[in-house]
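Visitor: Got a structure for you, questions after.
Quick note: the coordinates plus some simple rules give every number you see, no bench work behind them. Just so you know, these numbers come straight off a predicted model, no measurement behind them. For neighbour counting, all protein chains shown are included, and Cβ atoms are generated from backbone atoms with ideal geometry for every residue, glycine included.
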């Protein structure tokens, strides 16, 4: 069974009943036979195949059994010819034509099934006598060769929605075997010179530079870089490509670079790979992180996140570039996941005083997800490769054709239809040269897919089969893997692959990542995609499963994510065909997806982890898989999903008696409810349940519950109780040996002292937290400690020190990719800028913070940024806008977050003062003060009281001022 892109034609004799009625049967037979013969002749002369005669109708197919690049055009031309032929007989016909994917039983069969067949049949029934109707796909394939007019959309029987239809008016008018074509490098001299000059400047200035090359498939991005690299001397060159799989291969390009630099193959024993990596990196921590990222090593105790991997990659690049200039080539980054794009940004920003050139190749769709990529950064260049000019296309075609002469019309059509795309030109010339009998068709196809499909169909059946089997493996394939998928070739398989190489469908890889395995690459990814599309889904499923089995035997741990992808493809295809995959396959796939998902989670490739683990849950929903999938959502701040999924996990874990998962799921649920819903009562209840459930020796789990319990009491103004819980959390972190958690707890204790205005107690705690964060190696821990240190100096009006630490925190959060941290540090920097007399900078920082924080649905930080912006806008006299943000802050704040309830009312009170609505302002001031009365929120009191006292004094309400001034004098004598 095979899938093919084909065009189907239905032709029906009009009024056949009237023709038969009362007529001599011999006359009728002769006229109907003449009709059928004429229709068949028109079809066959245009390269179509008559599939069947049914009564007075004819069904024909174009592209079966062999594809042509212009099958849709041929079908339309045949239809026009049929109408002309039938008219000569004094008869009329109606015709329907549509193109699309169909399924045929074998390579020689002409019996096709598929939607295109049904659409063509219904269009024929809807056509008027003497009319041709073609469907949307056929119209799209003949845009430049057939003149049409709209005839739809039409309501056709059996289809839910109207079907677009078009009426053709007229068609627009226009062997020597060869191995590999040697395409010259043409039309890119200026781009090549720019690349060369950029490298020279990078070496001269010893500063990193990012050079992004955009272009449509086949336009010559890779060829340009190959020519550039061929002239690079005295530099280290490492290259890697982002895979189109999109699941669990986040750092694949980095892995290729690391393995290449270290000389590691995918089937190296673990100890040997570790040793090679350590020798290459020269540092155990860097080697471990890069080993995890590249798949050389299994995940170790605890987790290593995206920030640490980025740090290790930076150190790795820095070391290589310290020896000689370094060129890193990232191919196909339009397929890259966000962590890889962040890593490239990280290298460009944080490698210092080194000659590092980062070359990125991408299709324009990268800009859909990263609109600013390649711009807005110093030392960054972005170019788009346009199609070759007409004269360069002519030179390219002439060079490829060599001594083969083409008719002027055919040559002109070739250049028109390829539109300067070098791969289009090359593949089209190849098709002409391989036509076999020296003839060429009237037109050169307008899509590369049609070119490749037709070219593949002209291969000997054995080579076509081999190409299709290789397509299942991927863009790069290994001889051993292909032998597993095509055992009928036996020892001749290498010779067969060499034939594909001679035909220039594949190229040989200079280096294989698996020792002893010759590796080949499809010349272009579209060749692989077209070959794959021709396989039936049942064949694909079988081949994916067989390749996954080969991976298990040869490089299971190293290529775990790839194996998971192929097993999942097999399951998906069989479920589509049979309703569900076989149980054993589903269980195996779920297991491998689970392993790959947990590996991604340990590297903080959380989006990939989420997809992998959700799919594992779908196939076999174990409790641990459900918990890990929900944990990935928690790390992504997808709080809505966390609430739903963790609630279900909590119930299931309770039934199963799994205390570890039960307690930790309660922690996640408690934290998410507090952050998203602001429900401190419910959060406290869940945290207390977690403490009851978790085993006494699960110190890491107990830390989470105690830390959340402390935060709940902080929300409610119970600072003494919050301090007690955080002290217990600190002890749990110490026993667990988690210095990052120990630093977090120490910072929380320091923050409690700061809000009490006991700065002398807070200072040593902050210093201790900084030491712990540095020792932990966690970028987020270091950033959090720096932020608290900076805020400590801000509160004491020590602006220079505050700026230094807060900028450091912002930079570290940026390096870590922590959106919440960036938002928080931006908010603190904004307050500092406002205090220092720079309201413009403060406003920008606050707006940036709000933009980052709003999608997270994290109430506490967002409402504070909103209310500070409102206060800033009031000071600038922008009252209407200030009111908007003050009301938004009051809407955002949690009902049980006492401190923020008070500060958001303060902001709205100041807006009302500016609006002259004194009664409302007075009420809001009173509410704010009453909310925190009796609490230990001394610093909040100090923020609330001065504007309230000023408001009362200006209105000569001195009887209300005395008590407030007394409290203010206690807090800060100089402010009274």
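Visitor: Can you give me the distance in nm between label points at residue 681 and residue 155, each placed 7 Å from the Cα along the Cα-to-Cβ direction?
Guide: 5.7
Visitor: Would you mind classifying the range 537-621 by shape? Square roots of the alpha carbon gyration tensor eigenvalues, ordered a ≥ b ≥ c; an a/c under 1.5 is rounded, otherwise it is prolate if a/b is larger than b/c and oblate if not.
Guide: Since a/c reaches 1.5 but b/c is at least a/b, the shape of the range 537-621 is classed as oblate.
Visitor: Just rank 625, 689, fewest to most, by other beta-carbon atoms within 10 angstrom.
Guide: Ranked by crowding around the Cβ, least crowded first: 689, 625.
Visitor: For the chain, place one equal point scatterer on every Cα, skip the solvent, and apply the Debye formula. What is log10 of I(q)/I(0) at q = 0.08 Å⁻¹?
Guide: Here log10 of I(q) over I(0) equals -0.93.
Visitor: Pulled fully out, how much extra length does the chain show between residue 721 and residue 369, if you take 0.36 nm times their separation in residues and subtract their Cα-Cα distance?
Guide: Difference between extended and current length: 122.1 nm.
Visitor: Taking N as the number of residues in the range 447-535, what value does Rg over Cα atoms divided by 2.2 N^0.38 Å take? Present the calculation step by step, with values, prior to reporting the outcome.
Guide: Working: Rg = 12.1 Å, N = 89, 2.2 N^0.38 = 12.1 Å.
Ratio of Rg to 2.2 N^0.38 Å for the range 447-535: 1.00.
Visitor: Mind jotting down the distance between the C-alpha centroids of the range 932-957 and the range 754-769, whole Å?
Guide: What the calculation gives is 24 Å, centre to centre.
Visitor: So for the range 674-747, what are the equivalent ellipsoid semi-axes in whole Å, largest first, each being the square root of 5 times an eigenvalue of the Cα gyration tensor?
Guide: Value: 20, 14, 10 Å, ordered largest first.
Visitor: Quick one: what Rg and Dmax do you get for the range 2-171 from the alpha carbons, in Å?
Guide: Values for the range 2-171 (Cα only, Rg and Dmax): 15.3, 47 Å.
Visitor: Here's something else I'd like to know. What are the semi-axes of the equivalent ellipsoid for the range 356-428, taken as the square roots of 5 times the Cα gyration tensor eigenvalues, largest first, in whole Å?
Guide: 35, 13, 9
Visitor: Let me know the whole percent of all Cα-Cα pairs from the range 731-875 that are separated by more than 22 Å.
Guide: For the range 731-875, the fraction of Cα-Cα distances above 22 Å is 39 percent.
Visitor: If I histogram all Cα-Cα distances within the range 309-353 using bins 10 Å wide from 0, what percent of pairs lands in each bin?
Guide: 26, 55, 18, 1
Visitor: What length, rounded to one decimal in nm, is gained on full extension from residue 654 through to residue 324, with 0.36 nm per residue of separation minus their alpha-carbon distance?
Guide: 112.9 nm
Visitor: Among 224-236, 534-546, how do they line up by average Cβ neighbours within 10 Å per residue, starting with the highest?
Guide: Those peptides, ordered most packed to least, come out 534-546, 224-236.
Visitor: Please list the equivalent ellipsoid semi-axes of the range 874-975, computed as the square roots of five times the alpha-carbon gyration tensor eigenvalues, in descending order and whole angstrom.
Guide: 21, 18, 11
Visitor: Take the alpha-carbon centre of the range 785-840, take the same for the range 459-521, and report the distance between them in whole Å.
Guide: Centre-to-centre distance over Cα atoms comes out at 57 Å.
Visitor: What list do you get for 64, 383 if you sort them by fewest beta carbons within 10 Å?
Guide: Final ranking by Cβ density, sparse to dense: 383, 64.
Visitor: For each of 805, 335, count neighbouring Cβ atoms within 10 Å of the residue's Cβ, then give the residues from fewest to most.
Guide: 335, 805
Visitor: Quick check: the distance between the Cα centres of the range 629-691 and the range 62-107, to the nearest angstrom?
Guide: For the range 629-691 versus the range 62-107, the Cα centre distance is 62 Å.
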